[in-house]
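Below: the structure, in structure tokens.
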């Protein structure tokens, strides 16, 4: 059920990512909308199948990206795993967990991308990469976390209302 | 009284009195008297008239406001429709100007065949400068075909699906293109970068190059047709003990705002991979 509802959400997210978000850079960094959506979904306590969203979202972004297929899928799955661990160990402050995951996810995906481009034989000035791409992307991702978390939280409550403590 | 005057006499007397009064009135003898009488009458009539108008306005005003509000809503809707039409026409004008420029480019390079395509997205990774276009193998596109804008070279197709294609822009950090510098004709290699800037590498030390020189594709390597403009040199870096010079290039195309591109469909890129020596095939 959640997968079926997630399908259009993830497709729209991927389209928004390539048509709008990627055309709104800060210096040379861009936000990763799919990362923010997937991590927000994974942090919802009542959702236990978030890996499906991570898998599908990763495959969609891999389809659009010129990076080798699997970079985004593996990264999103790893982040989903981290989100599940955090969710099970930390009982409060989901939004702060989302901020932490956005930070970790940005560093993971962009670090992964840099390594792959370096392995392909292209020289990248790491200082420039950090200043012009990674840090601006990180700022944009952190800015996106709050509205996306609220939105995904609402969607999750509509699909699967969380249990009420009596 | 009835006994003094007969009936006809009374009628005659009354008629004469009326005629007399009328004659006095017409002659202006009653003007002072009439002004004294009319003044309070007119004042009273004005007061009643004002009260009536106020009462009528009170009764009819809400209806007028409703009508006015409806008219305002209709005008606002009309205004919004016209604004949308203006935006649409402006968009069409921009597209027309781009298409005119592309047509001009195609006419100035008649040796090529072109296929127009719209840019529908960019690569989600900030490290790669790729665009996505809405034409694919169903339209005859193949991997390696060069892509140009009305200003000059944009990139080349790296991946094709039936209905779309991915184009690697020349600003991509993994790009390297053989170019020549005009007017000297010196050869160099153009490279992209992570910031989207492009620069020239491996310019021979003895080549006389200056800011303002034009950069064109050389056609060497077989990946791009020759003589497509790329940009202008903005600064030259020359070191006495270095093997080569390098230079910064200002591209003629704004790669951040690409909307429509042309794919050169009759250019067959040459795969030089098998000609490059490897440890297995020296």
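Rundown of residues vs (1) within 14 Å of chain A (Cβ to nearest Cβ); (2) out of contact with any helix residue (DSSP H, G or I) (no Cβ under 9 Å at 6 or more places or on another chain), yes/no style:
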residue: B:141; (1), (2): no, yes
residue: B:152; (1), (2): no, no
residue: B:157; (1), (2): yes, yes
residue: B:161; (1), (2): yes, no
residue: B:166; (1), (2): yes, no
residue: B:169; (1), (2): yes, no
Some residue of region A:141-153 being buried (at least 16 other Cβ atoms within 10 Å of the Cβ) and either over 28 Å from residue A:48 (Cα atoms) or without any contact (Cβ under 8 Å) to a residue 60 or more places away in the chain (or both) = yes
Looking at residue A:16, is it part of a helix (DSSP H, G or I) and modelled with pLDDT under 90?
-> no
Can you confirm whether region B:100-113 contains a residue that is within 30 Å of residue A:63 (Cβ to Cβ) and touching a residue at least 60 places away in the same chain (Cβ under 8 Å)?
-> yes
Extreme residue, farthest from residue B:128 (Cα to Cα), among residues of region A:42-90 that are within 14 Å of chain B (Cβ to nearest Cβ) and part of a loop (DSSP other than H, G, I, E, B) = A:70
Tally of residues being surrounded by fewer than 22 Cβ atoms within 10 Å (Cβ to Cβ), touching a strand residue (DSSP E or B) at 6+ places or on another chain (Cβ under 7 Å) and touching a residue at least 40 places away in the same chain (Cβ under 8 Å) across region B:150-170 = 2
Quick one: residue B:235 ticks every box in (1) more than 22 Å from residue B:145 (Cβ to Cβ); (2) in contact (Cβ under 8 Å) with a residue 40 or more places away in the chain; (3) part of a strand (DSSP E or B) bar one, so which box is it?
-> (2)
Going by the structure shown, is residue A:97 farther than 30 Å from residue B:257 by Cα, away from every other protein chain (no Cβ under 11 Å) and touching a helix residue (DSSP H, G or I) at 6+ places or on another chain (Cβ under 7 Å)?
-> yes
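The values are calculated or read from the model by the stated rules, or taken from the named source; none is laboratory data. Everything numeric in this text was worked out from a predicted model, so none of it was measured. Ideal geometry is used to build each Cβ from the backbone, glycine not excepted, and the neighbour counts take in all protein chains shown.
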